[in-house]
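Comments concern the structure below.
The values are calculated or read from the model by the stated rules, or taken from the named source; none is laboratory data. Fair warning: this is a prediction, and the values are worked out from it, not measured in the lab. Glycine also receives a Cβ, built like all others from the backbone with ideal geometry; neighbour counts cover every protein chain displayed. Calculation scope for accessible area: heavy atoms of the full protein, side chains included, ligands and nucleic acids excluded. Shrake-Rupley method; radii C 1.70, N 1.55, O 1.52, S 1.80 Å.
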Amino acid sequence: MTTSKSILGGGITIDLDAIVRNWKALDTVSGKSLTGAVLKADGYGTGAKVVGRTLYKVGARFFFVATPDEGVALREAIPNAFIFVLDGLIPRAAADYAAHGLMPVLASMSQLTEWLDFCLNRGKAVPAALHFDTGFNRVGFRMKEAELVRRELDQSGFEPQMIMSHFACADQPSHEMTRKQNGLFQGLLNHFPDVPASIANSAAVMSSKDYHYHLVRPGIAMYGGRAINGRPNPMAPVIEMNVPILQIKDARIGETVGYGAAYRLRRDTRIAIMALGYADGYFRGLSGIGGQMGGRVAVNGTIVPVLGRVSMDMTAIDITDVPGLVQPGDPVEILGPTISIDDVADAARTIGYEVLTTLNGRFPRNYVNVPEGVSLD
Ligand SMILES: *Cc1c(COP(=O)(O)O)cnc(C)c1O
């Protein structure tokens, strides 16, 4: 994690109370189902350890990471939580999982066999979950392997902690794929009647209680991102990011801005250079080269466009229309009350997930509304 002071200035602010409110709202929506928390990719860029401690404090017990290494790091922060590893079992690493109390989400016959052998050697059932592929074609057992899996479990006497699947199109609630996958999942549960089930990501939690089962697994919505396309986002914003202006200059109509001379000024323009570029995760696709959308940022609450190509460390913006005095050192809002994660995502033709996990580059991360007793180390 980065330190909280920088000479450059600017930084990322993460509102832990907003994360708590979002998690509690999802917990309310999920009704009697348990509500987990997905903390992969360092908590979508917000800091898995701090967010893990914060959510544990308000009652979350089930956490999901992508890799076993993320699991090891998170285990230090929340010693008594249940931690699932979504990547599954890495070959020959079963003992490492067990040493840190991490549960692999087993996703293939070879992973299952390796885990059952490991349990046999240990002389006890070490907890793990199962992931079935209901149509995503990412990790997971094939549906046709259900009976074989059942037989292996019966022979070894092993009962998984959880059986799960994952939706391909939950962000588009009317997509028929979601109902189809859910139907397959329901059928699958007949083979595993006593095992707790889980299929819902944020969008599915928010779409229908048909998807809640025993445990829901929200990620993006906790962090304030838009889970469902085409609907207003009800979640509290979690992240603000500000970067300083390095220099301001007046340029004339017809001059060009930046690499490739890709943007030609259509009017006399006051340009501000901000200390932010693609090395910080500000996508080059946010370049403003006329015709295309380009990125938007805010200066003193006024939304202004990116001018020309985003470069590695600096990007030009057009502050001609910003009222009042703007000076070097003043902050530019990249994310915050005026510019949402999804505004940036839409302009870059990507999704909020990528903005969150990428746009944290060189800037220090500061936490606000830290619950009492939550360590920031
Ligand atoms: C990332 C992920 C989630 C969380 O998804 P969101 O859309 O961020 O809520 C849940 N389950 C699995 C398997 C995932 O990979």
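Taking the conditions exactly as written (of a type outside the set (D, E, K, R), open to solvent by 10 Å² or more (accessible area, probe 1.4 Å) and either touching a helix residue (DSSP H, G or I) at 6+ places or on another chain (Cβ under 6 Å) or away from the ligand (no atom under 12 Å from the Cβ) (or both)), does Pro193 satisfy them or not?
yes
In the stretch 330-352, what count of residues is obtained for those that are open to solvent by 50 Å² or more (accessible area, probe 1.4 Å) and in contact with a strand residue (DSSP E or B) (Cβ under 9 Å, 6 or more places away or on another chain)?
Within the stretch 330-352, residues that are open to solvent by 50 Å² or more (accessible area, probe 1.4 Å) and in contact with a strand residue (DSSP E or B) (Cβ under 9 Å, 6 or more places away or on another chain) number 3.
Quick one: Ala170 ticks every box in (1) crowded, with 19+ Cβ neighbours inside 10 Å; (2) closer than 30 Å to Ser340 by Cα; (3) more than 24 Å from the chain's Cα centre (by Cα) except a single one, so which number is it?
Failed condition: (3).
Given the criteria in contact with a helix residue (DSSP H, G or I) (Cβ under 7 Å, 6 or more places away or on another chain) and under 14 Å from Ala221 (Cα atoms), does Val65 qualify?
Numbers: in contact with a helix residue (DSSP H, G or I) (Cβ under 7 Å, 6 or more places away or on another chain): yes; under 14 Å from Ala221 (Cα atoms): no.
The answer is no for Val65.
I'd like to check something: does the stretch 170-179 contain any residue that is within 11 Å of the ligand (Cβ to nearest atom) and touching a residue at least 60 places away in the same chain (Cβ under 8 Å)? Reasoning before the result, please.
First, the residues of the stretch 170-179 that are within 11 Å of the ligand (Cβ to nearest atom): 170-171.
Keeping just the survivors that are touching a residue at least 60 places away in the same chain (Cβ under 8 Å) gives none.
No, there is no match, as no residue in the stretch 170-179 is within 11 Å of the ligand (Cβ to nearest atom) and touching a residue at least 60 places away in the same chain (Cβ under 8 Å).
Looking at the stretch 160-187 only, could you name the residues that are part of a helix (DSSP H, G or I) and among the β-branched types (Val, Ile, Thr)?
Thr178
Residues being in contact (Cβ under 8 Å) with a residue 40 or more places away in the chain and outside any strand (DSSP E or B): count how many of those fall in the stretch 7-31.
First, the residues of the stretch 7-31 that are in contact (Cβ under 8 Å) with a residue 40 or more places away in the chain: 8-23, 25-26, 29-31.
Right, trim to outside any strand (DSSP E or B) and you get 8-10, 16-23, 25-26, 29-31.
Going through the stretch 7-31 one residue at a time, the tally reaches 16.
Restricting attention to strands (runs of 3 or more DSSP E) lying wholly within the stretch 276-377, give those where 1 or more residues are in contact with a helix residue (DSSP H, G or I) (Cβ under 8 Å, 6 or more places away or on another chain), within 22 Å of Ala262 (Cβ to Cβ) and within 16 Å of the ligand (Cβ to nearest atom). Working first, answer last.
Working: elements: 296-299, 302-307, 315-318, 331-335, 365-368.
Output list is empty.
Take the residues of the stretch 198-219 that are open to solvent by 10 Å² or more (accessible area, probe 1.4 Å) and of a type in the set (Gly, Ala, Ser): which is nearest to the ligand (Cβ to nearest atom)?
Ser207
For the stretch 225-256, which residues satisfy the criterion of being in a loop (DSSP other than H, G, I, E, B) and either basic (Lys, Arg) or closer than 15 Å to Asp27 by Cα (or both)?
At the first step, the residues of the stretch 225-256 found to be in a loop (DSSP other than H, G, I, E, B) are 225-238, 252-255.
Matches in the stretch 225-256: Arg226, Arg231, Pro234, Met235, Ala236, Arg252.
If you take the residues in the stretch 4-24 that are of a type in the set (A, V, I, L, M) and surrounded by fewer than 19 Cβ atoms within 10 Å (Cβ to Cβ), which one is nearest to Gly336 (Cα to Cα)?
If we filter the stretch 4-24 for residues that are of a type in the set (A, V, I, L, M), which is where we start, we get 7-8, 12, 14, 16, 18-20.
Going one step further and asking which of them are surrounded by fewer than 19 Cβ atoms within 10 Å (Cβ to Cβ), we end up with 7-8.
Working: Ile7: 22, Leu8: 19 Å.
Restricting to residues being of a type in the set (A, V, I, L, M) and surrounded by fewer than 19 Cβ atoms within 10 Å (Cβ to Cβ), the top hit is Leu8.
Looking for whichever is in contact (Cβ under 8 Å) with a residue 24 or more places away in the chain, in contact with a Leu (Cβ under 8 Å, 6 or more places away or on another chain) and closer than 28 Å to Val374 by Cβ here; the options are Met162, Met143, Met109. Which one fits? Walk me through it before giving the result.
On the way: Met143 fails: closer than 28 Å to Val374 by Cβ; Met109 fails: closer than 28 Å to Val374 by Cβ.
On inspection, the qualifying residue turns out to be Met162.
With respect to Arg138, determine if the residue is within 16 Å of the ligand (Cβ to nearest atom) and of a type in the set (Lys, Arg).
Taking the combined requirement at face value, the residue satisfies it.
Per-residue answers, yes or no, for (1) at pLDDT below 95; (2) touching a strand residue (DSSP E or B) at 6+ places or on another chain (Cβ under 8 Å); (3) farther than 22 Å from Phe63 by Cα; (4) of a type in the set (S, T, N, Q):
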residue: Leu120; (1), (2), (3), (4): no, no, yes, no
residue: Gly135; (1), (2), (3), (4): no, no, yes, no
residue: Met143; (1), (2), (3), (4): no, yes, yes, no
residue: Ala168; (1), (2), (3), (4): no, no, no, no
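When you go through (1) within 11 Å of the ligand (Cβ to nearest atom); (2) buried (at least 21 other Cβ atoms within 10 Å of the Cβ) one by one for Ile228, which number turns out not to apply?
Of the numbered conditions (1) within 11 Å of the ligand (Cβ to nearest atom); (2) buried (at least 21 other Cβ atoms within 10 Å of the Cβ), the odd one out for Ile228 is (2).
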